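Trainee: Can you keep this structure in mind? I'll have questions shortly.
The values are calculated or read from the model by the stated rules, or taken from the named source; none is laboratory data. Because the structure is predicted, anything quoted here is derived from the model rather than measured. Here the Cβ positions follow ideal geometry from the backbone for every residue, glycine too, while neighbour counts run over all protein chains shown. The accessibility values were calculated without ligands, DNA or RNA, using every heavy atom of the protein model including side chains. Shrake-Rupley method; radii C 1.70, N 1.55, O 1.52, S 1.80 Å.
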Amino acid sequence: MKTFLKKAFFYMMIAFLSCALVASHGISRDKLMADVPTLKNCVSTPSLENNRILTQSCTNIPQTLISPTPSQPFTPNQNLTEKDRFLSAVTNKLLKIPTPHTFEYILLRAYGSVFVNQDPQIKLPPKVLFTNDQETKQFQSTLTLTQVKNTSQCYLQKSAADAFDQARSQVQIPLKSGYGASDCSRSFATNLRFWQKYADNKTLEQVRQGKETKILGLVAPPGASQHLWGLAIDLRVTTEAQKQALNQYGWYRTVENDIPHWTYVGLPPEKLTEFGFQNKVVENVTYWLTPL
(Lines give C-alpha, C1' and ligand atoms only; values in the text may rest on other atoms or scores of the structure.)
Protein backbone atom coordinates (compact mmCIF):
# COMPACT_ATOMS: atom_id res chain seq x y z
CA MET A 1 0.00 0.00 0.00
CA LYS A 2 2.86 2.38 0.88
CA THR A 3 4.51 1.62 -2.43
CA PHE A 4 1.29 2.39 -4.32
CA LEU A 5 0.86 5.71 -2.47
CA LYS A 6 4.48 6.69 -3.22
CA LYS A 7 4.01 5.96 -6.92
CA ALA A 8 0.71 7.85 -7.01
CA PHE A 9 2.30 10.89 -5.32
CA PHE A 10 5.27 10.76 -7.74
CA TYR A 11 3.08 10.79 -10.83
CA MET A 12 0.88 13.55 -9.37
CA MET A 13 4.00 15.68 -8.91
CA ILE A 14 5.08 15.01 -12.49
CA ALA A 15 1.63 16.04 -13.77
CA PHE A 16 1.76 19.23 -11.66
CA LEU A 17 5.24 20.16 -12.88
CA SER A 18 4.17 19.45 -16.44
CA CYS A 19 1.27 21.89 -16.26
CA ALA A 20 3.36 24.54 -14.51
CA LEU A 21 6.21 24.44 -16.99
CA VAL A 22 3.91 24.35 -20.01
CA ALA A 23 2.15 27.43 -18.73
CA SER A 24 5.26 29.40 -17.77
CA HIS A 25 7.80 28.39 -20.42
CA GLY A 26 5.89 26.98 -23.37
CA ILE A 27 7.59 23.59 -22.98
CA SER A 28 5.57 20.84 -24.63
CA ARG A 29 4.26 18.13 -22.33
CA ASP A 30 5.80 15.42 -24.51
CA LYS A 31 9.20 17.10 -24.24
CA LEU A 32 8.88 17.45 -20.48
CA MET A 33 7.91 13.82 -19.99
CA ALA A 34 10.83 12.76 -22.18
CA ASP A 35 13.09 14.58 -19.72
CA VAL A 36 11.93 12.54 -16.75
CA PRO A 37 14.54 9.77 -16.36
CA THR A 38 13.83 6.27 -15.15
CA LEU A 39 10.02 6.53 -15.16
CA LYS A 40 10.26 3.36 -17.16
CA ASN A 41 12.67 1.92 -19.68
CA CYS A 42 12.57 3.49 -23.12
CA VAL A 43 10.23 1.62 -25.45
CA SER A 44 11.87 -0.22 -28.30
CA THR A 45 12.42 2.05 -31.29
CA PRO A 46 13.80 1.57 -34.79
CA SER A 47 17.43 2.57 -35.20
CA LEU A 48 20.14 2.34 -37.81
CA GLU A 49 23.27 0.24 -37.77
CA ASN A 50 25.16 -0.34 -40.98
CA ASN A 51 22.01 0.90 -42.69
CA ARG A 52 19.92 -1.96 -41.32
CA ILE A 53 16.86 -1.14 -39.25
CA LEU A 54 17.19 -2.71 -35.83
CA THR A 55 14.95 -2.72 -32.80
CA GLN A 56 16.84 -1.88 -29.66
CA SER A 57 15.87 -0.80 -26.18
CA CYS A 58 17.11 2.62 -25.11
CA THR A 59 17.69 3.81 -21.57
CA ASN A 60 18.60 7.22 -20.24
CA ILE A 61 19.00 8.92 -23.62
CA PRO A 62 20.88 12.18 -22.85
CA GLN A 63 18.52 15.09 -23.46
CA THR A 64 21.44 17.01 -24.98
CA LEU A 65 20.92 14.72 -27.99
CA ILE A 66 17.34 15.85 -28.55
CA SER A 67 16.58 19.35 -29.77
CA PRO A 68 14.17 21.59 -27.82
CA THR A 69 10.62 21.44 -29.14
CA PRO A 70 8.73 24.76 -29.26
CA SER A 71 5.07 24.46 -28.30
CA GLN A 72 3.92 26.80 -31.10
CA PRO A 73 5.02 27.22 -34.76
CA PHE A 74 7.52 30.03 -35.18
CA THR A 75 6.90 33.04 -37.42
CA PRO A 76 9.99 35.08 -38.35
CA ASN A 77 9.90 38.85 -38.07
CA GLN A 78 9.81 40.09 -41.66
CA ASN A 79 11.48 43.35 -40.64
CA LEU A 80 14.71 41.44 -40.02
CA THR A 81 17.32 40.66 -42.66
CA GLU A 82 17.26 37.25 -44.36
CA LYS A 83 20.16 36.09 -42.21
CA ASP A 84 18.54 37.23 -38.98
CA ARG A 85 15.18 35.70 -39.93
CA PHE A 86 16.85 32.37 -40.53
CA LEU A 87 18.90 32.52 -37.33
CA SER A 88 15.85 33.51 -35.29
CA ALA A 89 14.09 30.36 -36.54
CA VAL A 90 17.15 28.19 -35.94
CA THR A 91 17.52 29.53 -32.41
CA ASN A 92 14.27 27.78 -31.52
CA LYS A 93 15.73 24.43 -32.56
CA LEU A 94 19.44 24.46 -31.67
CA LEU A 95 20.72 24.52 -28.11
CA LYS A 96 23.51 26.88 -29.19
CA ILE A 97 24.08 28.83 -32.39
CA PRO A 98 27.61 28.13 -33.67
CA THR A 99 30.04 31.05 -33.65
CA PRO A 100 30.72 32.51 -37.12
CA HIS A 101 33.78 31.17 -38.95
CA THR A 102 33.89 27.99 -36.84
CA PHE A 103 33.63 24.48 -38.30
CA GLU A 104 30.11 24.10 -36.89
CA TYR A 105 29.01 27.40 -38.44
CA ILE A 106 30.32 26.26 -41.84
CA LEU A 107 28.26 23.08 -41.46
CA LEU A 108 25.18 25.06 -40.39
CA ARG A 109 25.52 27.17 -43.53
CA ALA A 110 25.78 24.08 -45.74
CA TYR A 111 23.31 21.72 -44.07
CA GLY A 112 21.27 23.82 -41.62
CA SER A 113 18.11 24.12 -43.71
CA VAL A 114 16.37 21.37 -41.73
CA PHE A 115 16.49 23.38 -38.51
CA VAL A 116 13.61 25.63 -39.60
CA ASN A 117 11.22 22.67 -39.88
CA GLN A 118 8.04 23.51 -37.98
CA ASP A 119 6.51 20.01 -37.89
CA PRO A 120 6.22 19.05 -34.18
CA GLN A 121 6.62 15.38 -35.14
CA ILE A 122 10.07 16.00 -36.61
CA LYS A 123 12.99 15.43 -34.24
CA LEU A 124 16.12 17.45 -34.85
CA PRO A 125 19.58 17.08 -33.38
CA PRO A 126 20.48 19.91 -31.01
CA LYS A 127 23.73 20.54 -32.89
CA VAL A 128 25.02 20.26 -36.43
CA LEU A 129 27.76 17.69 -35.82
CA PHE A 130 27.79 14.28 -34.14
CA THR A 131 31.27 13.44 -32.93
CA ASN A 132 31.08 9.65 -33.07
CA ASP A 133 29.02 6.56 -33.83
CA GLN A 134 27.66 6.20 -30.30
CA GLU A 135 26.30 9.74 -30.20
CA THR A 136 24.67 9.23 -33.60
CA LYS A 137 23.01 5.98 -32.53
CA GLN A 138 21.69 7.58 -29.35
CA PHE A 139 19.96 10.29 -31.36
CA GLN A 140 18.69 7.88 -34.02
CA SER A 141 17.16 5.67 -31.33
CA THR A 142 14.76 8.55 -30.52
CA LEU A 143 13.44 8.77 -34.09
CA THR A 144 10.28 7.29 -35.52
CA LEU A 145 11.54 5.91 -38.82
CA THR A 146 9.09 4.80 -41.50
CA GLN A 147 9.82 2.82 -44.64
CA VAL A 148 9.07 4.71 -47.85
CA LYS A 149 6.44 2.86 -49.86
CA ASN A 150 7.64 0.52 -52.59
CA THR A 151 11.30 0.72 -51.57
CA SER A 152 13.85 -1.61 -50.10
CA GLN A 153 15.46 -0.35 -46.88
CA CYS A 154 14.60 3.31 -47.49
CA TYR A 155 13.70 4.77 -44.10
CA LEU A 156 12.98 8.39 -43.18
CA GLN A 157 11.40 10.17 -40.24
CA LYS A 158 7.67 9.51 -40.55
CA SER A 159 6.61 13.02 -41.59
CA ALA A 160 9.34 13.11 -44.24
CA ALA A 161 8.44 9.64 -45.53
CA ASP A 162 4.73 10.53 -45.69
CA ALA A 163 5.48 13.74 -47.60
CA PHE A 164 7.69 11.90 -50.07
CA ASP A 165 5.05 9.22 -50.59
CA GLN A 166 2.51 11.98 -51.34
CA ALA A 167 4.83 13.53 -53.92
CA ARG A 168 5.35 10.13 -55.56
CA SER A 169 1.60 9.59 -55.71
CA GLN A 170 1.54 12.40 -58.29
CA VAL A 171 4.57 11.47 -60.40
CA GLN A 172 7.21 8.75 -60.50
CA ILE A 173 10.35 9.77 -58.61
CA PRO A 174 13.07 7.10 -58.46
CA LEU A 175 15.79 6.86 -55.84
CA LYS A 176 19.26 7.76 -57.09
CA SER A 177 20.76 4.30 -56.74
CA GLY A 178 17.56 2.39 -56.15
CA TYR A 179 19.01 1.03 -52.92
CA GLY A 180 17.40 2.77 -49.98
CA ALA A 181 20.12 2.01 -47.45
CA SER A 182 22.43 4.49 -49.17
CA ASP A 183 19.86 6.91 -50.61
CA CYS A 184 17.88 7.51 -47.42
CA SER A 185 18.77 7.37 -43.73
CA ARG A 186 22.36 6.41 -43.04
CA SER A 187 24.49 5.28 -40.15
CA PHE A 188 27.58 7.14 -38.94
CA ALA A 189 29.71 4.36 -40.46
CA THR A 190 28.15 4.90 -43.89
CA ASN A 191 28.60 8.68 -43.63
CA LEU A 192 32.26 8.07 -42.78
CA ARG A 193 32.69 5.59 -45.64
CA PHE A 194 31.31 8.07 -48.17
CA TRP A 195 33.63 10.78 -46.83
CA GLN A 196 36.66 8.54 -47.10
CA LYS A 197 35.66 7.68 -50.66
CA TYR A 198 35.90 11.31 -51.79
CA ALA A 199 38.08 13.05 -49.19
CA ASP A 200 40.65 12.55 -46.43
CA ASN A 201 41.84 14.06 -43.15
CA LYS A 202 43.72 16.81 -44.97
CA THR A 203 40.53 17.86 -46.73
CA LEU A 204 38.65 17.77 -43.44
CA GLU A 205 41.18 20.10 -41.86
CA GLN A 206 40.84 22.51 -44.79
CA VAL A 207 37.06 22.49 -44.31
CA ARG A 208 37.52 23.18 -40.59
CA GLN A 209 39.66 26.21 -41.45
CA GLY A 210 37.18 27.47 -44.04
CA LYS A 211 39.67 27.01 -46.87
CA GLU A 212 37.65 24.31 -48.67
CA THR A 213 33.87 24.35 -49.08
CA LYS A 214 33.23 22.87 -52.52
CA ILE A 215 33.61 19.34 -51.13
CA LEU A 216 30.51 19.96 -48.98
CA GLY A 217 28.39 19.83 -52.14
CA LEU A 218 29.71 16.35 -52.88
CA VAL A 219 29.86 14.65 -49.49
CA ALA A 220 29.24 15.64 -45.87
CA PRO A 221 31.97 15.35 -43.22
CA PRO A 222 31.54 12.47 -40.77
CA GLY A 223 28.72 13.18 -38.33
CA ALA A 224 27.30 16.12 -40.32
CA SER A 225 25.12 14.48 -42.98
CA GLN A 226 21.40 15.28 -43.09
CA HIS A 227 20.95 11.57 -43.90
CA LEU A 228 21.88 10.82 -40.27
CA TRP A 229 18.77 12.70 -39.17
CA GLY A 230 16.33 10.86 -41.44
CA LEU A 231 15.53 14.07 -43.31
CA ALA A 232 17.37 13.69 -46.63
CA ILE A 233 17.09 11.49 -49.68
CA ASP A 234 19.05 11.12 -52.93
CA LEU A 235 16.87 11.04 -56.04
CA ARG A 236 16.91 11.04 -59.82
CA VAL A 237 14.88 14.14 -60.64
CA THR A 238 14.88 15.16 -64.29
CA THR A 239 11.50 16.81 -64.93
CA GLU A 240 9.72 19.94 -63.77
CA ALA A 241 6.73 17.84 -62.68
CA GLN A 242 8.93 15.85 -60.29
CA LYS A 243 10.46 19.00 -58.84
CA GLN A 244 7.07 20.67 -58.35
CA ALA A 245 5.62 17.61 -56.63
CA LEU A 246 8.55 17.46 -54.22
CA ASN A 247 8.39 21.20 -53.49
CA GLN A 248 4.64 20.97 -52.90
CA TYR A 249 5.25 18.56 -50.04
CA GLY A 250 8.22 20.33 -48.45
CA TRP A 251 11.20 18.73 -50.22
CA TYR A 252 13.93 20.97 -51.74
CA ARG A 253 17.47 20.96 -53.02
CA THR A 254 19.27 22.79 -50.21
CA VAL A 255 22.92 21.75 -50.65
CA GLU A 256 24.60 23.69 -53.44
CA ASN A 257 26.03 21.52 -56.23
CA ASP A 258 24.60 18.33 -54.74
CA ILE A 259 22.00 17.72 -57.47
CA PRO A 260 20.61 14.34 -56.29
CA HIS A 261 20.29 15.48 -52.67
CA TRP A 262 16.85 16.58 -51.42
CA THR A 263 16.10 17.87 -47.92
CA TYR A 264 12.80 17.72 -46.05
CA VAL A 265 12.31 21.32 -44.91
CA GLY A 266 8.56 20.87 -44.46
CA LEU A 267 7.62 24.39 -45.60
CA PRO A 268 5.51 25.28 -48.65
CA PRO A 269 7.42 27.16 -51.38
CA GLU A 270 5.81 30.50 -50.55
CA LYS A 271 7.15 30.31 -46.97
CA LEU A 272 10.83 29.80 -47.80
CA THR A 273 11.71 33.47 -48.25
CA GLU A 274 9.87 34.31 -45.01
CA PHE A 275 12.42 32.13 -43.20
CA GLY A 276 15.31 33.80 -45.02
CA PHE A 277 16.08 31.14 -47.62
CA GLN A 278 17.84 32.39 -50.75
CA ASN A 279 16.99 31.08 -54.17
CA LYS A 280 20.06 30.33 -56.31
CA VAL A 281 20.31 28.81 -59.78
CA VAL A 282 23.55 27.00 -60.59
CA GLU A 283 23.90 25.48 -64.07
CA ASN A 284 20.10 25.51 -64.51
CA VAL A 285 19.51 23.76 -61.18
CA THR A 286 17.51 25.62 -58.52
CA TYR A 287 18.60 25.49 -54.89
CA TRP A 288 17.15 27.01 -51.72
CA LEU A 289 20.15 27.92 -49.58
CA THR A 290 20.62 29.21 -46.06
CA PRO A 291 21.46 32.95 -45.96
CA LEU A 292 24.60 32.51 -43.85
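Trainee: For the stretch 82-289, take every pair of Cα atoms, bin their distances at 10 Å starting from 0, and report each bin as a whole percent.
Mentor: P(r) over the stretch 82-289, rounded to whole percents: 9, 37, 40, 14, 0.
Trainee: If you look at just the Cα atoms of the stretch 242-292, how large are its Rg and its Dmax in Å?
Mentor: 10.0, 28
Trainee: When ligands, DNA and RNA are left out and all protein chains stay put, how many square angstrom of accessible area per residue does the stretch 82-289 have with a 1.4 Å probe?
Mentor: With the other protein chains kept in place, the stretch 82-289 gives 44 Å² per residue.
Trainee: Calculate the FRET efficiency for VAL285 and LEU80 from the Cβ-Cβ distance with a Förster distance of 35 Å, rounded to the nearest 0.05.
Mentor: 0.80
Trainee: Taking the mean number of other Cβ atoms within 10 Å as a proxy for protection, how do you rank 182-188, 142-148 from highest to lowest?
Mentor: 182-188, 142-148
Trainee: Ignoring any ligand, DNA or RNA, what whole percent of the accessible area of the stretch 82-289 comes from carbon and sulfur when the probe is 1.4 angstrom?
Mentor: That fraction is 46 percent.
Trainee: Considering only the stretch 82-289, what is the antiparallel percent among its DSSP beta bridges, to the nearest 5?
Mentor: Taking every DSSP beta bridge within the stretch 82-289, about 100 percent pair in antiparallel fashion.
Trainee: A follow-up question, please. How large is log10 I(q)/I(0) at q = 0.19 Å⁻¹ when the Debye formula is applied to the Cα atoms of the stretch 210-282, each weighted equally and without solvent?
Mentor: Once normalised to I(0) and log-transformed, intensities are -0.87.
Trainee: Computed over the Cα atoms of the stretch 96-152, what is the convex hull's projected area averaged over all directions, in nm²? Numbers along the way, then the final one.
Mentor: Working: hull surface 21.7 nm².
For the stretch 96-152, the mean projected area of the Cα convex hull comes to 5.4 nm².
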